[in-house]
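The structure appears right after this line, and notes come after that.
The values are calculated or read from the model by the stated rules, or taken from the named source; none is laboratory data. Since we're looking at a predicted model, the values are computed, not measured. Cβ sites come from the backbone with ideal geometry, for glycine too, and all protein chains shown count toward neighbours.
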Amino acid sequence: MPFRDGGGGGERLRNLLACLAALRDQDEVPGGYTVTVVEADREPRRRELIAPLADEYLFAPHPGAFNKAWVVNAGVANSAVRAETVCVFDADLLPDRGFVARSLARFREPGVGAFLPYRDMLYLDEGSSVRAVHTRGPGGEPALDPAALRGFWMRRPVGGCVWLTREVFDRIGGMDERYENWGGEDVDLVLRLQSATALYAYDDFMVHLHHPVRPLRPEEARQNDEIPYMTWKPAGPIGRLDRYLVQ
């Protein structure tokens, strides 16, 4: 799970902690599962809050533009656990209690190499985000009631949450680390998954918790727009924690 605290009113940190609490409140999974959070920043500023709720905390030093793809790769490549399946999970989603068990069971279906657990996603407003965090908090409900929430539906979004086998992740070279800030990296991942394996989509109800978003400057948007999709060919190891220290 990639993370950087964007400051502001603390919404991103609130969302992450709520997500971690929900991932601890899951139906039993044979063999268990590991939740890894990678904080990318100038310093590990939120480690004391994150580490008690995560199974594994990693720090990726980088004060510059957030690079989700690199942070995801760092989590997979540097985890102490080599799992057979990988879930790329954004820190502003809120899973229900059956999320992990239901998702892992899908890999038992013939031919499933990767999937999106949703087709559409409800982007909550601030008030509904607060309500959702409380509902799925410790001692709360196993799932959210869509009728009690307000927001807007995003049709066929990519990214957010992608499940894939470790074999497929390694075969495609993980995510494209050339993307910085945001925009393009999730689309590129899905396109490469579609060309590499059977990519499925399911109809889980999933919500995106509200947080402020800083619009990209024109030069930032152009930087990612100039990267051709499906051209990621890493020349060396991916997810190096010292990537930005050795440049």
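Odds and ends about this structure:
- Qualifying residues in segment 15-53 (those that are of a type in the set (D, E, K, R) and farther than 30 Å from Leu245 by Cα) - the one surrounded by the most Cβ atoms within 10 Å (Cβ to Cβ): Asp25
- When the residues of segment 162-182 are filtered to those that are within 14 Å of the chain's Cα centre (by Cα) and not aromatic (Phe, Trp, Tyr), the one that is farthest from Arg214 (Cα to Cα) is Leu164.
- Only listed residue being at pLDDT 95 or above, within 24 Å of His210 (Cβ to Cβ) and surrounded by fewer than 18 Cβ atoms within 10 Å (Cβ to Cβ), chosen from Gly139, Gly127: Gly127
- Once segment 110-125 is narrowed to residues that are more than 15 Å from the chain's Cα centre (by Cα) and touching a residue at least 60 places away in the same chain (Cβ under 8 Å), the residue that is nearest to Thr85 (Cα to Cα) is Gly113.
- Qualifying residue in segment 1-23 (condition: farther than 25 Å from Arg131 by Cβ, free of Cβ contacts under 8 Å to residues at least 12 places away in the same chain and more than 14 Å from the chain's Cα centre (by Cα)): no
- Looking at Ala22, Ala18, just one residue is touching a helix residue (DSSP H, G or I) at 6+ places or on another chain (Cβ under 6 Å), assigned to a helix (DSSP H, G or I), closer than 23 Å to Leu144 by Cβ and modelled with pLDDT of 95 or more, and that residue is Ala18.
- From the options Gly139, Gly113, Gly98, residue that is of a type in the set (Gly, Ala, Ser) and at positive phi: Gly139
- Qualifying residue in segment 62-74 (condition: touching a residue at least 60 places away in the same chain (Cβ under 8 Å), within 30 Å of Asp203 (Cβ to Cβ) and of a type outside the set (A, V, I, L, M)): yes
- Glu219 under 29 Å from Glu43 (Cβ atoms), acidic (Asp, Glu) and touching a residue at least 60 places away in the same chain (Cβ under 8 Å): no
For (1) of a type in the set (Gly, Ala, Ser); (2) in contact with a strand residue (DSSP E or B) (Cβ under 7 Å, 6 or more places away or on another chain), each residue gets a yes or a no:
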{"position": "Arg119", "(1), (2)": "no, yes"}
{"position": "Ser129", "(1), (2)": "yes, no"}
{"position": "Ala132", "(1), (2)": "yes, yes"}
{"position": "Leu144", "(1), (2)": "no, yes"}
{"position": "Arg166", "(1), (2)": "no, yes"}
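- Yes/no for Val37 being touching a Leu at 6+ places or on another chain (Cβ under 8 Å) and closer than 30 Å to Trp232 by Cβ: yes
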